[in-house]
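For reference, the structure discussed in these notes is given below.
The values are calculated or read from the model by the stated rules, or taken from the named source; none is laboratory data. No experiment lies behind these values; they were computed from the predicted model shown. Because the Cβ atoms are built from the backbone with ideal geometry, glycine has one as well, and the counts that use them run over all protein chains shown.
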């Protein structure tokens with residue numbers, strides 16, 4: 001028998017004499033719990049501080065209209081209250097137009113977003129731009145007043161590129177349709 005085999009046998013026998021099955025199960029359970037908690041430890045998320053992958057910055061975009069405040073390349077822009085996807089304003093388009101080489105889907109989901117400039121709610125149509133592979137920049141997933149799949153017209157978890165010549169998703173736009181009626 002080799003020296004390594006003798007050492008491991010001696011160590012195993014010592015552990016078996018010193019511990020009970022219950023304490024061994026406690027140790028294993030603690031190790032599993034610790035391993036499960038490891039991913040939630042605070043770490044620096046460098047990508048969360050940049051707009052895109054690889055640290056590439058996107059220049060801020062505003063409409064210049066005081067009634068439409070905010071940066072269209074930021075997820076907290078008021079029109080994006082129900083958006084899910086890459087922002088077209090970071091991919092060569094704007095908040096309401098697709099980038100060159102893509103096609104806007106005629107099938108959409110809608111949301112109602114509050115404009116902080118005039119404190120009114122607007123109906124916003126979220127159109128996917130299709131035809132090129134995913135942009136991969138400025139991912140935004142906001143689910144305010146998102147509805148379950150039983151009401152798909154208000155759900156943002158569907159690939160809405162079905163009405164275009166290509167079902168390949170690129171990015172999402174937020175087109176204002178009009179003022180929402182006030183609830184009584």
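Observations, loosely collected:
- Test: residue in the range 130-139 that is assigned to a helix (DSSP H, G or I), at pLDDT 90 or above and surrounded by fewer than 23 Cβ atoms within 10 Å (Cβ to Cβ): no
- Considering residues of the range 140-157 that are touching a helix residue (DSSP H, G or I) at 6+ places or on another chain (Cβ under 9 Å) and at pLDDT 80 or above only, the residue surrounded by the fewest Cβ atoms within 10 Å (Cβ to Cβ): 142
- Check on residue 66, exposed (fewer than 10 other Cβ atoms within 10 Å of the Cβ), assigned to a loop (DSSP other than H, G, I, E, B) and modelled with pLDDT of 75 or more: yes
- Screening residue 55 with (1) more than 13 Å from residue 139 (Cα to Cα); (2) surrounded by 11 or more Cβ atoms within 10 Å (Cβ to Cβ); (3) assigned by TED's automatic domain parsing to the domain that holds residue 120; (4) at pLDDT below 85 gives one miss only, at (2).
- Complete set of residues in the range 77-109 that are under 17 Å from residue 162 (Cα atoms) and crowded, with 17+ Cβ neighbours inside 10 Å: 84, 85, 98, 102, 103, 104, 105, 108, 109
- A single entry from 141, 115 fulfils the requirement of being in contact (Cβ under 8 Å) with a residue 24 or more places away in the chain, in the same structural domain as residue 160 (by TED's automatic domain parsing) and closer than 16 Å to residue 169 by Cβ: 141.
- Odd one out for residue 160 among (1) at pLDDT below 90; (2) in contact with a helix residue (DSSP H, G or I) (Cβ under 7 Å, 6 or more places away or on another chain): (2)
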